[in-house]
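Please treat every number below as a calculation from the coordinates, not as lab data. Please read these numbers as outputs of a predicted model, since none were measured by experiment. FYI the Cβ positions are ideal-geometry reconstructions off the backbone, even for glycines, and counts take in every protein chain you see.
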Amino acid sequence: MRIVMVIISCIKGEINVERTMRIQIIGTGIVGEATACLAKSFGHEVYGYDINPRQSPYYTNISSTGKSYDLTFVCVNETLVDGVVSELVGKGMSNIVIRSTTRPGTIKALSEKCKVSLCHNPEFLREKTYLVDALTPPFVLIGTTDIPYKSLCGFYRPLQDRCKIIYTDVTTSEMAKLTLNNYLATLITFWNQINEVCKTVGVDTESVARVISNDSRVSSYGFTPCGEGFGGKCLPKDLVQLIDYGRSVGCNMSVMESIGIFNTRVRGLRPV
Ligand SMILES: NC(=O)c1ccc[n+]([C@@H]2O[C@H](COP(=O)([O-])OP(=O)(O)OC[C@H]3O[C@@H](n4cnc5c(N)ncnc54)[C@H](O)[C@@H]3O)[C@@H](O)[C@H]2O)c1
């Protein structure tokens, strides 16, 4: 109920977003840079920090800025989130937003351990087009352990006429991000499997795809390129994460396991 009240107040425009915010970004890799780019496009001041200073235009040595921040976005690999967030909380920082693809349950446990409310705001970009995708998200997802920070609602307010802003509890948000990546991996695998059969019997896979796309229930994702499997930094890693998470809660993950085995074969990789 409290969450709903905050959402309504966002919609009514009671949150002041006109002022410039100070945005801290921890980890200026792909997701960090994309987040910095979005914050800049809204006119905010951006302070980026990375243990491995790179040529990111948003890198600043924040340890020397001595500033407080309206929001801190954590954009590091998920295995580092616990350490980074614990350190930030130890320094007295609040309004921490985790953008990493964390295993469901991670942020709730971290919030309880650190005795602080946290938000999860997963990123849905594609690696090849990450900056454009960051500015035009398909939707914005905000998972919260308590109520969403006013500053985070305000941060996304400029997008509210262009895309849906969805509020959930934090574990739903973690599960949604993991599910989306595994849904995409499943579609790619499905088309690779169909492609194998089509090639064997001399049927053109794309013709089959074109025919069935006349049914509105069919998504075009994964139609092409056929035969290559899925790769990149996220889909293979998130498949392993989902299998491991599902097993840990006692589920039979044989469907997703088969996808991993099939993908390893079509990509000519050694099994992991
Ligand atoms: N790459 C993508 O397309 C994508 C898309 C959506 C979500 N994600 C998720 O977002 C997270 C980050 O992914 P990425 O692709 O941006 O990773 P990345 O490796 O490009 O960037 C992470 C950065 O964090 C830095 N870092 C590590 N420890 C740090 C610390 N203690 N303090 C400051 N900086 C530190 C690293 O040096 C690195 O530059 C992952 O969980 C990933 O699954 C990635």
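If you average the alpha carbon positions of the range 215-252 and of the range 97-120, how far apart do those two centres end up, in angstrom? After rounding, the separation between the Cα centres reads 24 Å.
For the range 109-242, what is the relative contact order in percent, using Cα pairs closer than 8 Å and at least 6 residues apart in sequence? Relative CO of the range 109-242 lands at 22 percent. Each of the peptides 208-221, 97-110 was scored by the mean count of other Cβ atoms within 10 Å over its residues; in descending order, highest first, they stand as 97-110, 208-221.
Its residues counted as N, the range 198-272 yields a C-alpha radius of gyration over 2.2 N^0.38 Å of 1.34.
In order along the range 37-43, the phi-based Karplus estimate (6.51 cos²θ - 1.76 cosθ + 1.60, θ = phi - 60°) of 3J(HN,Hα) comes to 5, 5, 4, 4, 5, 8, x Hz; Gly and Pro are listed as x. Normalised by the number of residues in the chain, the average gap of Cα pairs under 8 Å and 6 or more apart makes the relative contact order 15 percent. Here the residues CYS226, CYS114, ranked from fewest to most Cβ neighbours within 10 Å of their Cβ, fall in the order CYS114, CYS226. With the gyration tensor restricted to C-alpha atoms of the chain, the semi-axes of the equivalent ellipsoid amount to 36, 21, 19 Å, longest first. Charge tally for TYR245 (other residues, Cβ to Cβ under 11 Å; Lys, Arg +1; Asp, Glu -1): -1. With contributions of -39500 (n - 2.57) from each DSSP H run of at least four residues, the per-residue ellipticity at 222 nm computed over the chain stands at -14000 deg cm²/dmol. With contacts taken as Cα pairs under 8 Å and at least 6 residues apart, the range 177-268 reaches a relative contact order of 38 percent. The DSSP beta bridges internal to the chain are antiparallel in roughly 10% of cases. Pairs over the 26 Å Cα-Cα cut-off, from the set LYS150/LYS237; LYS115/LYS177; LYS40/LYS128; LYS91/LYS237; LYS113/LYS164; LYS91/LYS128: LYS150/LYS237; LYS91/LYS237; LYS113/LYS164; LYS91/LYS128. Cβ crowding within 10 Å, taken as a proxy for footprinting-reagent exposure, orders THR205, THR144 from fewest neighbours to most as THR205, THR144. Eigen-decomposition of the gyration tensor built on the alpha-carbon atoms of the range 159-233 gives equivalent ellipsoid semi-axes of 31, 16, 10 angstrom, largest listed first. Ratio of Rg to Rh for the range 125-200: 1.13 [Cα atoms; Kirkwood radius as inverse mean 1/r over pairs].
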